[in-house]
Every structure is written in structure tokens, then in C-alpha cells.
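A short write-up of the structure that comes next.
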Amino acid sequence: MFVIESAIAKAADELGIPAYMIQQKNLIKTGDEFPYGQIAVSEANECWDKTIGLYNIDKIKKEIESFNAQNKLSKKAMALMPICFGISYTKTLMNQARALVHVYTDGSVGVSTGAVEMGQGVNTKILQVAARAFSLDPEKIKIFTTNTFRIANTSPSAASATADLNGKATLMACTEILKRLKQLAADEFATNTDAVDIRDGYVWVNNQITELSWDKLAFTAHAKRINLSEHAHYITPGIHFDLTKEKGHPFAYHTYGTAIITVTLDCLRGIYEIDSVKLVHDCGSSMNKIIDMGQIEGGVVQGIGWMTMEEIIYNKEGRLLTNALSTYKVPDIYSVPKEISIHFLETEKDNLGIFRSKAVGEPPLMYGIAAFFALRNAVMAFNPKARPAFDAPMTPEKVLMNLYPGHQEKNKPPSTKGEDKIHI
């Protein structure tokens, strides 16, 4: 993504136009074919148009131009970053998951999956799946810790696909148990299963609530020796990829979005601040907006760190010098932009995500690429002849050297031999 954005920026430099003009003309549309053969179902233009309108890009441009005209040693700039991110493991065999669901005689529910909870909220989403499938209060659902004694041969919790894969497996298991309980209820009320519904903790018949509660139904099922457990296996349908031809349909779906990042650059010292990140992200039909918001905010900050400070430096002998957090800088709370505005582009289109939601783990990381190009634009606003190299991360040291390129050779220190030097 960074490489192709660099190509776009280079073309924009040569043509004397803003990079976002080239970006917009090349947004993928529904029906377009990806290089690997998959046909796009795109929300790219919808995200772009919503971002431009919602955040009033013309006003942002005018504010930047006004600020720059009034300030000689401080410059503002912006950059846009549209994203298109395929969701699935490109190694097809890894797109599988299992879930084990138990309904206990007191009506409580236990769920085991192969998903590893590491703060991303996947267990909360799986709990939501079970609660929604059984139409129960979430308090009755217990998510057990991941354990290969219960769920074997798990795929990694990665690729932004964990909630989709394990959530779908959970839904399958719940659905099978629900079928048995509906049959039991139909027998109890001498009706057919089409007339039976289970919602809000009670059995409903012909859309009328009955006195038979979920808890009583679970106990009755056990008394009648009906299986209240189910192990389900889910595989993502329709995906395939031929490694020899590099063609196929490797992704379940794609997620889209657009971000505008603005920066303020101190042109005397080379230091800068990320003023704002304003974005529209395609979440499908979000299952949990609070979790998704947290994932987007975290991804944005990680992406900005990746593009501005996480520099890997080796000495001439190839020894890694940035081998600790004292030398390899990662973003902290002080690196967070002053403003992060997030708007969900919610759609009801069918996709292979759980309950039509879309993955939100990795894609927001890519919004951070705009921070690099915003800083590059700020350098060129100060020094129109400057053409900073496409060399991430854009550290303050690199910014300063690009602001005053003619001073690098003039002020070059005498060479030293036999010493490892690193300047932070």
C-alpha cells in the first residue's frame, strides 16, 4: 500500500496536481477485477464521497492555505488515504474454525472456540452471537478460555478474521441446539416448529408468549434426554487461490475506508504534531460499535507510529541497533492525534462476515500512511523545491534534513571508525 501511494505521490509531483485527484480517479468500483482475478464488491467510492462531504475537505484546504500564508516557520498540510483490504487467510486451509456450545440444565450457556482474546474484543462478539442466536440476556452466556483440549486444530487469531470464523462456528452450533429445542417445544404445545419461536427467554407459539421459559425448556430437554451440546465446524465458502497462476478468489470480502490526516510542522526544528484524523470506515453492519471504534482508534495510532517513528537501524556490520524500546520508538499516549473522528459507513449488503459485520482489526492500520504523505506535503509547503524520498518512517530527523537539503553535506561531521552511533 505504501509503495503504490508513493507512486501516486510521485506522479502527482510530476503533474503538478494533488495526489488525491489521482487517488479518486483510481478507486475500485463494484464489478472491477482485482489483479488476482476476484471481482470487487466495492464501498470505496461511498467511503470517499462520505469523507469528502462529511468533513468538508474544501474548508480544510482553505484553513491550511490561510495558516501557511500567515506563518513562515510553521506549515500545515493534509493527505488522504483510501483503503481496500481483503479479509481471509490467503492460505485457504487456515480459513476454518470450530465451536463447542453447551446449554446447561439451569439455562446457562457455555461457549468454547479457537479464538484467542488479546484485548481486541473477540470474546465479546462471540458472546453476542450466542446471545442473539438464543435470544437470551448476555448474562446467561459464559465464554470459556481457549483450550485445545476442547477445540483442537485451531487457526491463529489473526488476519482480522477471528470473529468471522469463530463467530460463524458458534452460530452454527447454537442453531443446531435451537432446532432441537424448538422441536421439543412444538411437541409440548402440539404444534409444528414453524409456529414456535424462542425469544427474550420464553417460548412463543403463533407469536404469543407462553409460560414455558428458556430455563424450564432446557431442563425439560435434559429430562427427555435431548442433546444440549453441539460441536460445529465452519469453513469460509467460495474461496480458492491457485498459487501457480496467482489467480482465484482468495478473500471472503473486502473492507473499505478513507481518512484525512492533517499535520502541523515546526520548520525550524523538524518536529511535528498530528492535528487530526478524520475517517469513514466500512464496518458493514457493526456488531459492536464501541469495540469497532477502539479497534479503529488503536489501528490509526499504530499506523501513525509505523509511518513516523518505528525506524529500524543497522550498523555497517549488519548488527541491529534499534533492538530495545529505548532506541526503537513506538507510539505512546503523547503520539495520539489531537482529534480522531470516526464515522461508520454501515451497509446491509450480504457478505460472509458474521451478521453482515465486517472485520476491523488490521485495515485501520493503513490509514497511518496518510501521516507520512501529510508530513511530506508540509515539507514541500515550506520548501517547494524539496522532494522528500519515499523512505518511511518520516522521523523528525528526516523531516529536518528534507527541510534544508543543502545543509546536509555542508555540515556533515567527520567520519568515525569502529564506533556504532545512533541518534535519537
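The values are calculated or read from the model by the stated rules, or taken from the named source; none is laboratory data. Note that the coordinates shown come from a computational prediction; the quantities given were computed from them, not determined experimentally. Note that we place each Cβ from the backbone using ideal geometry, even for glycine, and neighbour counts take in every protein chain shown. Remember, those area values only see protein heavy atoms, side chains included, never the ligands or the DNA or RNA. Shrake-Rupley method; radii C 1.70, N 1.55, O 1.52, S 1.80 Å.
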> Considering only residues of segment 222-257 that are touching a His at 6+ places or on another chain (Cβ under 9 Å) and surrounded by fewer than 16 Cβ atoms within 10 Å (Cβ to Cβ), which is farthest from Lys182 (Cα to Cα)?
Replying inline: His240
> Taking segment 82-94 as the search range and keeping residues that are closer than 30 Å to Phe373 by Cα and outside any strand (DSSP E or B), which one is farthest from the chain's Cα centre (by Cα)?
Replying inline: Thr90
>> For segment 9-29, give me each residue that is open to solvent by 30 Å² or more (accessible area, probe 1.4 Å), hydrophobic (A, V, I, L, M, F, W, C) and closer than 18 Å to Ala386 by Cβ.
In response: Ala11, Leu15, Ile17, Ala19
> Restricting segment 167-182 to residues that are touching a helix residue (DSSP H, G or I) at 6+ places or on another chain (Cβ under 6 Å) and open to solvent by 10 Å² or more (accessible area, probe 1.4 Å), which is farthest from Gly119 (Cα to Cα)?
Replying inline: Lys182
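Conditions tested, residue by residue: (1) under 30 Å from Thr51 (Cβ atoms); (2) of a type outside the set (Phe, Trp, Tyr).
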site	(1), (2)
Ile87	yes, yes
Val101	no, yes
Tyr104	no, no
Ser135	no, yes
> Does segment 37-45 contain at least one residue that is part of a strand (DSSP E or B), small (Gly, Ala, Ser) and farther than 18 Å from Glu339 by Cα?
Replying inline: no
> Mind checking which residues of segment 95-142 are outside any loop (DSSP other than H, G, I, E, B), among the β-branched types (Val, Ile, Thr) and either open to solvent by less than 30 Å² (accessible area, probe 1.4 Å) or touching a Ser or Thr at 6+ places or on another chain (Cβ under 8 Å) (or both)?
Replying inline: Val101, Val103, Val109, Val111, Thr113, Val122, Ile126, Val129, Ile141
>> For a quick check of your reading of the model, give me the residue pairs whose first member lies in segment 275-286 and is under 12 Å from Ile342 (Cβ atoms) and of a type in the set (Lys, Arg), whose second is open to solvent by 10 Å² or more (accessible area, probe 1.4 Å) and at pLDDT 95 or above, with beta-carbon atoms closer than 6 Å and at least 6 apart or on different chains.
In response: Lys278/Tyr55; Lys278/Ser341
>> open to solvent by 10 Å² or more (accessible area, probe 1.4 Å), under 23 Å from Asn351 (Cα atoms) and of a type outside the set (D, E, K, R): is that true of Met309 in this structure?
In response: no
